[in-house]
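Any read-out appearing in this document is the output of simple, stated calculations on the displayed coordinates, not a laboratory observation. All values derive from a computational prediction rather than experimental measurement. No Cβ is skipped: glycine too gets one built from the backbone with ideal geometry, and neighbour counts run over all protein chains shown.
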């Protein structure tokens with residue numbers, strides 16, 4: 001197993017620890033765990049490309065690990081009333097649609113690369129979630145975190161539309 005895949009699996013295993021920290025009221029610990037897990041998302045992709053170790057397992061697990069981590073944080077924040085549940089449903093619908101398009105494309109031997117909107121979505125999600133998770137420790141981060149959350153929602157909608165528009169020929 002490559003180092004990149006090990007980092008991806010580490011991210012998956014960090015999710016329950018992250019959630020336990022949230023449930024225990026350890027906001028700073030949870031935010032640090034989320035930030036570390038988010039960093040492994042960047043690092044595993046960087047290492048896979050640099051070392052030419054891109055694997056089928058990594059192509060499958062990396063986006064799944066990313067979605068599991070962000071959705072865990074989104075659901076927790078929505079249940080706590082810090083972000084609107086409807087927005088989380090929109091983001092979850094977008095993620096499901098894009099994943100479905102990628103599966104259909106993969107069956108036809110086509111790889112759908114991440115768009116610049118998708119990359120912006122991921123970056124703004126990770127930063128906004130970190131800020132919102134740090135909100136109980138540093139309340140001054142709540143408003144900018146919420147604003148950035150809405151920026152990430154807009155990026156999710158734009159990237160979702162972009163993927164859908166590009167993937168329509170695959171659905172015919």
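For the stretch 15-55, the residues whose amide N sits under 16 Å from a probe point set 7 Å from the Cα of residue 137 along the beta carbon direction are 18-39. To the nearest 10 degrees, how steeply does helix 116-134 sit against the main Cα axis of the chain, on a 0 to 90 scale? Tilt of helix 116-134: around 20 degrees.
For helix 27-50, report the angle its Cα long axis makes with the longest principal axis of the Cα atoms of the chain; keep it between 0 and 90° and round to the nearest 10°. Tilt relative to the chain: about 20 degrees.
Neighbour counts of other Cβ atoms within 10 Å put 15, 54, 91 in the fewest-to-most order 54, 15, 91. Counting beta carbons within 10 Å around each of 11, 94 and listing the fewest first gives the order 94, 11. If you take the Cα centroid of the stretch 136-150 and the Cα centroid of the stretch 10-81, the two points sit 20 Å apart. What is the helix-to-structure angle for 3-23, meaning the angle in degrees between its Cα long axis and the longest Cα principal axis of the chain, kept from 0 to 90 and rounded to the nearest 10? So the inclination is approximately 30 degrees.
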